[in-house]
Amino acid sequence: QAGGMEVVHEPEQSRFVVQVTPTAVAFVSYIVDADGALNLHHTFTPPEARGKGVARALVDAAFAHARASGVKVVPSCSYISQVRGPVQRA
């Protein structure tokens, strides 16, 4: 959980997900770079869930996962760059 929301890591789909309604999900998707870094390249939150901290909870969960795994984060998504800064170790 992050921000009081249940964030699920779906490694087979390379993303972290929050189920925001029975039919809609918010997610942060990633690519594992050649050096093993977690490249967070896209964030999506459905309109009905925007402004409620969902995207931030997803980003926090992705960074926590990277920290626990000992890998660097590359925030290539503009939203993530704004809230967490440039390339960094989680």
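The values are calculated or read from the model by the stated rules, or taken from the named source; none is laboratory data. Source: prediction; values computed, not measured. Heavy atoms of the whole protein, side chains included, go into the accessibility calculation; ligands, DNA and RNA do not. Shrake-Rupley method; radii C 1.70, N 1.55, O 1.52, S 1.80 Å.
Counting only helical runs of four or more DSSP H residues, what would the 222 nm mean residue ellipticity of the chain come to if each run contributes -39,500 (n - 2.57) and the total is spread over all its residues?
-8000 deg cm²/dmol
So what's the stretch 13-74 giving for Rg/Rh, alpha carbon basis, Kirkwood Rh from the mean inverse pair distance?
Here the Rg-to-Rh quotient is 1.01.
When the accessible area of the chain is computed with all protein chains present and a 1.4 Å probe, what percentage of it is carbon and sulfur?
53 percent
Accessible area per residue for the chain in Å², computed with a 1.4 Å probe and the full protein assembly in place, what is it?
That works out to 54 Å² for each residue.
For Arg56, tell me the accessible area in Å² from a 1.4 Å probe, rounded to the nearest 10.
Here the accessible area works out near 100 Å².
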